[in-house]
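**Student:** Here it is, the structure, as structure tokens.
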Amino acid sequence: MTGTSDRVLVLGGGLAGVACARRLAEDGVPVTLVDRNDYHQFQPLLYQVASSQLPVEDVARPHRAIFREHATVEVVTAEVAEVRLSDRSLVLTDGRTLSGSHVVVAAGAQPNFFGVPGAAEHAYPLYSVADAERLRLHLQDLLRDATPGTLDVVVVGGGPTGVETTGALAELMGALHETGRLAQPGRITLIDRGDALLGEFSEKAHEYAVHKLREAGADVRLGAGVAAVHPDHVELDDGASIPARTVVWGGGEQGASVAGTAGPEPGRGGRIDVRPDLTIEGYPGAYAVGDAANIPAGETGTWPQLGSVAQQSGRWAAENILRERRNEPTRPFRYKDKGIMAMIGRNAAVAEVGKHRHQVDGPVAFAAWLGVHMMLMSGVHSRTDAFVTWAWDYFDRDRAATIEVSSAPQRIAWGDDEADRPHIALD
Ligand SMILES: Cc1cc2nc3c(=O)[nH]c(=O)nc-3n(C[C@H](O)[C@H](O)[C@H](O)COP(=O)(O)OP(=O)(O)OC[C@H]3O[C@@H](n4cnc5c(N)ncnc54)[C@H](O)[C@@H]3O)c2cc1C
């Protein structure tokens, strides 16, 4: 199959790709969106799936359902083997080549194990719904005949992913213990090479995160690097060893491997360097957005890999493509900074918002988190009210005593059609 010449190709149906395709479709532009999965995955809630607090269907939504009202968007479920920016085409692993007037690389990122021996083989990354479901099933398996120590977990990386996952797992262990399902809760140890958690946040937030995690029963070890990951323990740089049959990798990410096939020399973190208007130097009609791109942020370097950057850059690339189609000049990307935030557990969240990054925690921070995540979700779900109800219930109420690891956790009441279930395969 070959696309028509005025078709825009979008590689990736994450927050960036979906926002881009939707904006183009609003103006009736033909779009082909290609993703290896037939569903969009909402990464900010993956740790909720891993810790059995949300079923996997709630964080994945079929692309077909997202674009049901957008007749000009064609969704192709296929793996892209190669991006050819020079002729604006995508080569699929099934042998097909798609071409278009423009190509937008929105392929996201993937875990970076930084060459730590054993990490790729034995650690559980948390980057896709399949990753989250795999971790949940692994924990459930261990729980079946748990003896002291079986459920000990090491989480590598003290950024938002590591902190949020540690908080959720510590709560899960506490709940299993309180309900009598586990005589001795698994020990959750968070390790980071640096001297603070949530490095990008202020000092007050660093202390808040450590305090809240320790309060939830987790152990936090700073200034400790992981030298190797083994099936039943983690080896540290200083020769110490921590027994754990579960190692969660929140230790870093890099641009999706397919971005490396595009032509330009990959930039920092294996991502594609883009110009201020999100185009790629030397390749007319080519854009890169979201986690796959290094997006210039004036004098302060590049924008971080955040959902709101992905969503806004995807939409901005679409606006620039529309300008190109009208023979108008493209405009440099302007990011509306929503702040940075992390939910550490029930009743514990931290956020830094506003121009001067004002720090707030507790329910106010949770409200900020909710506002931003509602906006992210509104790109893929019409029932954001259902998400808000679920989230307040999660944050506010001590439902710990009702958590059941082996039965279905409480769902978000999307009211979706049964036929809209995503096809999630764990390979
Ligand atoms: C665990 C976790 C928690 C997070 N929490 C937050 C948070 O609380 N707040 C926040 O703002 N941000 C958060 N983020 C970051 C945010 O989720 C990302 O910045 C955002 O999702 C990036 O969107 P994207 O569209 O660029 O990439 P993605 O969402 O990764 O989408 C990329 C898409 O490309 C597809 N793809 C890749 N390669 C190929 C290929 N070769 N062939 C076909 N398809 C391909 C993938 O299947 C995927 O659907 C979190 C990230 C993670 C991992």
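Read-outs: derived from the displayed coordinates by stated rules, not from any lab. Since the structure is predicted, the reported quantities are computational estimates derived from the model, not experimental observations. Cβ coordinates were reconstructed from backbone atoms using ideal geometry, including for glycine residues, and neighbour counts include every protein chain displayed.
**Student:** Going by the alpha-carbon gyration tensor, a ≥ b ≥ c the square roots of its eigenvalues, is region 183-231 rounded (a/c under 1.5) or, if a/c is not under 1.5, prolate (a/b greater than b/c) versus oblate?
**Tutor:** oblate
**Student:** Under a cut-off of 23 Å between alpha-carbon atoms, report the lysines in cross-link reach of K355, not counting same-chain residues fewer than 8 places apart.
**Tutor:** Once the sequence-local lysines are set aside, what remains near K355 is K204, K336, K338.
**Student:** Would you order M377, M343 from fewest to most other beta-carbon atoms within 10 Å of each residue's own beta-carbon?
**Tutor:** The fewest-first ordering by Cβ neighbours comes to M377, M343.
**Student:** Grab the DSSP H runs of the chain that are 4 residues or longer, score each as -39,500 (n - 2.57), total them, divide by all residues and round the 222 nm result to the nearest 500 deg cm²/dmol.
**Tutor:** Calculated from helices alone, the mean residue ellipticity at 222 nm is -9000 deg cm²/dmol.
**Student:** How large is log10 I(q)/I(0) at q = 0.10 Å⁻¹ when the Debye formula is applied to the Cα atoms of the chain, each weighted equally and without solvent?
**Tutor:** -0.69
**Student:** On to the next question. Quick check for you: which residues of region 99-138 have the amide N under 17 Å from the point 7 Å beyond the Cα of T77 toward its beta carbon?
**Tutor:** Those under the cut-off are 129-131.
**Student:** Nearest-5 percent of antiparallel DSSP beta bridges in region 176-263?
**Tutor:** Taking every DSSP beta bridge within region 176-263, about 60 percent pair in antiparallel fashion.
**Student:** While we're on this one: Shape call for region 49-98 from the C-alpha gyration tensor, a ≥ b ≥ c root eigenvalues: rounded (a/c under 1.5), prolate (a/b greater than b/c) or oblate?
**Tutor:** oblate
**Student:** Something else now. Amide H to amide H under 5 Å from V10: which residues, 5+ apart in sequence or cross-chain, H placed 1.01 Å off N in plane?
**Tutor:** T32, L33, V34, V104
**Student:** Please give the length that would be gained between E200 and R421 if that part of the chain were fully extended, namely 0.36 nm times their separation in residues minus their C-alpha to C-alpha distance (nm, one decimal).
**Tutor:** Values: separation 221, 0.36 × 221 = 79.56 nm, distance 3.67 nm.
That pair, E200 and R421, stretches by 75.9 nm at full extension.
**Student:** Right, next: Viscosity 0.890 mPa s, temperature 25 °C: Stokes-Einstein D of region 28-74 from its Kirkwood Cα radius, in µm² per second?
**Tutor:** 204 µm²/s
**Student:** Here is a follow-up. For a protection proxy built on the mean count of beta-carbon atoms within 10 angstrom, sort 290-298, 154-162 highest first, please.
**Tutor:** Highest to lowest by the protection proxy: 154-162, 290-298.
**Student:** Give me E253, E299 ranked fewest to most by other Cβ atoms within 10 Å of their Cβ, as a rough exposure proxy. Mind showing how you got there, number by number?
**Tutor:** Working: E253 22, E299 5.
Least crowded to most crowded, the residues run E299, E253.
**Student:** Note the full-extension length gain between S378 and R68 as 0.36 nm times their separation in residues minus their Cα-Cα distance, in nm to one decimal.
**Tutor:** Full-extension gain reported as 110.1 nm.
**Student:** Here is a follow-up. How large is the Kirkwood hydrodynamic radius of region 86-245, counting all unique pairs of alpha carbons, in Å?
**Tutor:** Value: 17.8 Å, from the Cα pair sum.
**Student:** If you filter region 13-117 for GluC sites (Glu not before Pro), then keep DSSP loop positions with at most 11 other Cβ within 10 Å, what is left? Numbers along the way, then the final one.
**Tutor:** On the way: sites: E26, E57, E69, E74, E79, E82; in loops: E69, E79.
Qualifying residues, ordered by number: E69.
**Student:** What are the ³J(HN,Hα) values, in whole Hz, obtained from phi via the Karplus relation 6.51 cos²θ - 1.76 cosθ + 1.60 with θ = phi - 60°, for each residue of region 368-373 in sequence order, with x given for Gly and Pro?
**Tutor:** Coupling constants for region 368-373: 5, 4, 5, x, 5, 6 Hz.
**Student:** Can you give the local net charge around F333? Use residues other than it whose beta-carbon is closer than 14 angstrom to its beta-carbon, Lys and Arg +1, Asp and Glu -1.
**Tutor:** Details: positive: R23, R275, R315, R323, R331, R334, K336; negative: D273, D277, E319, D337.
Summing Lys and Arg as +1 and Asp and Glu as -1 gives +3.
**Student:** Give me the net charge for the shell around D420: Cβ to Cβ below 14 angstrom, other residues only, Lys and Arg +1, Asp and Glu -1.
**Tutor:** That sum, taken over residues with Cβ under 14 Å, equals -1.
**Student:** If we count every other residue with Cβ under 13 angstrom of V156's Cβ, Lys/Arg +1 and Asp/Glu -1, where does the sum land?
**Tutor:** Neighbourhood net charge equals -2.
**Student:** Using a 7 Å offset from the Cα along the Cα-to-Cβ direction at both E121 and T93, what is the distance between the two label points in nm, to one decimal?
**Tutor:** Here the modelled spin labels are 2.2 nm apart.
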